[in-house]
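The values are calculated or read from the model by the stated rules, or taken from the named source; none is laboratory data. Predicted, not measured: the structure shown is a model, and the values here were computed from it. Backbone-built Cβ (ideal geometry, glycine too); neighbour counts: all protein chains shown.
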Amino acid sequence: MAEQKGKILVIGGGISGMTTALEAAEVGYDVILVEKNPTLGGRVSRFYQYFPKLCPPLCGLEINLRRLKPNPYIHTLTSSEVESISGEAGKYTVTIKTNPTYVNEKCVACDKCTEVCPSEIPNEHNYGMDTNKAIYLPHKMAHPARYVIAREACPPSCSKCVDACEYDAIDLQMQVKTTEVEVASVVYATGWKPYDASKIDNLGFGKVPNVINNVMMERLAHGQGPTAGQILRPSDQKKVERFISTRIMYINHTS
Ligand SMILES: Cc1cc2nc3c(=O)[nH]c(=O)nc-3n(C[C@H](O)[C@H](O)[C@H](O)COP(=O)(O)OP(=O)(O)OC[C@H]3O[C@@H](n4cnc5c(N)ncnc54)[C@H](O)[C@@H]3O)c2cc1C
């Protein structure tokens, strides 16, 4: 059946996209999994404990990654987005753009590059509550386990990371790559993003110190988060004595 039906394109490498790709590949479909970020896992990779088991979600992701890595039917493209889709059901032509990360597959995540990097950027994985160097591993469980460079944050003509890398893994000239593929079906699994709480004036998010949203709370509680699992006040890193909680909100990418 899989041979007759052709390839499947899955857009979004969060838990839904990974699961879709795995389930399809494990019954023999060829799958192309496209994720816009440099790593798979989506929002779940940032959570502290996951309902209903209340275990660290990284454990569930690891199980998925163990199934995904050796599966010859899944072709994963990270740092990639679909530029266009044309055709009809059963025969789509898809153009995929892969953005440069400036670090190639020779990277062994040894961290020598970050030691010499002079620039810092907000740590997006921790919702900006701490910083990363401009060359960084997105998070400890990142797949691929490969550093990326926020090129816009590099000082002009700096190449300290290139000199520090013993593996010839840094390519500051890396360019955008375009790939064209033919697929029979497309699955959108592009997920959700946190609601912009600053739009709710009375909560003071983004204006009043120490007002955080639910996804920031998940990172504060997380052992690999900005405070190594301690719930500290973002403004002065002191212990929280009292808190007021309000409702939880998130929106789907498509709504
Ligand atoms: C505070 C909070 C706590 C939660 N706790 C739990 C819990 O305990 N248990 C539970 O079961 N659920 C929980 N959830 C729900 C859970 O987060 C979602 O069910 C889950 O994230 C859905 O996964 P997803 O793959 O659909 O989406 P996402 O995790 O959002 O992943 C989508 C992926 O698609 C990528 N993407 C987006 N657009 C594109 C594009 N154009 N091209 C390529 N890639 C793209 C994104 O980068 C991302 O990697 C919680 C939600 C919140 C807000």
Search result, residues across the range 193-204 that are under 26 Å from Asn37 (Cα atoms) and free of Cβ contacts under 8 Å to residues at least 12 places away in the same chain: Asp196, Ser198, Lys199
For Asp163: the one exception among (1) assigned to a loop (DSSP other than H, G, I, E, B); (2) surrounded by fewer than 17 Cβ atoms within 10 Å (Cβ to Cβ): (1)
Members of the range 8-42 that are surrounded by fewer than 17 Cβ atoms within 10 Å (Cβ to Cβ), more than 9 Å from the ligand (Cβ to nearest atom) and assigned to a helix (DSSP H, G or I): Glu23
The one condition in (1) surrounded by fewer than 16 Cβ atoms within 10 Å (Cβ to Cβ); (2) outside any loop (DSSP other than H, G, I, E, B); (3) of a type in the set (Val, Ile, Thr) that Val208 fails to fulfil: (2)
Cross-chain or 6+ apart pairs with Cβ under 6 Å, the range 225-237 first and farther than 23 Å from Leu137 by Cβ, then surrounded by fewer than 13 Cβ atoms within 10 Å (Cβ to Cβ) and not hydrophobic (A, V, I, L, M, F, W, C): Ser235/Pro209
Residue that is farthest from the ligand (Cβ to nearest atom) [pool: residues in the range 165-210 that are farther than 28 Å from Thr101 by Cα and touching a Pro at 6+ places or on another chain (Cβ under 9 Å)]: Pro209
Positions within the range 211-224 being within 15 Å of the ligand (Cβ to nearest atom), assigned to a loop (DSSP other than H, G, I, E, B) and among the β-branched types (Val, Ile, Thr), in sequence order: Ile212
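Just one of Pro138, Pro122, Pro144 is free of Cβ contacts under 8 Å to residues at least 12 places away in the same chain and either under 20 Å from Leu77 (Cβ atoms) or not hydrophobic (A, V, I, L, M, F, W, C) (or both); which is it? Show your work before the answer.
Numbers: Pro138 fails: free of Cβ contacts under 8 Å to residues at least 12 places away in the same chain; Pro144 fails: free of Cβ contacts under 8 Å to residues at least 12 places away in the same chain.
Going through Pro138, Pro122, Pro144 in turn, the sole match is Pro122.
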Residue pairs meeting the criteria (Cβ under 7 Å; at least 6 apart or on separate chains; first in contact (Cβ under 8 Å) with a residue 24 or more places away in the chain and more than 17 Å from Asn126 (Cβ to Cβ), in the range 35-55; second near the ligand (Cβ under 6 Å from one of its atoms) and assigned to a loop (DSSP other than H, G, I, E, B)): Glu35/Gly12; Glu35/Gly13; Leu40/Gly13
Selection count, the range 103-156, where residues are of a type in the set (Val, Ile, Thr) and either surrounded by 19 or more Cβ atoms within 10 Å (Cβ to Cβ) or farther than 29 Å from Ser235 by Cα (or both): 5
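Considering only the range 236-255, state which residues are within 16 Å of the ligand (Cβ to nearest atom) and either at pLDDT below 85 or exposed (fewer than 10 other Cβ atoms within 10 Å of the Cβ) (or both).
Ser245, Thr246, Arg247, Ile248, Met249, Tyr250, Ile251, Asn252, His253, Thr254, Ser255 - these are the residues of the range 236-255 that are within 16 Å of the ligand (Cβ to nearest atom) and either at pLDDT below 85 or exposed (fewer than 10 other Cβ atoms within 10 Å of the Cβ) (or both).
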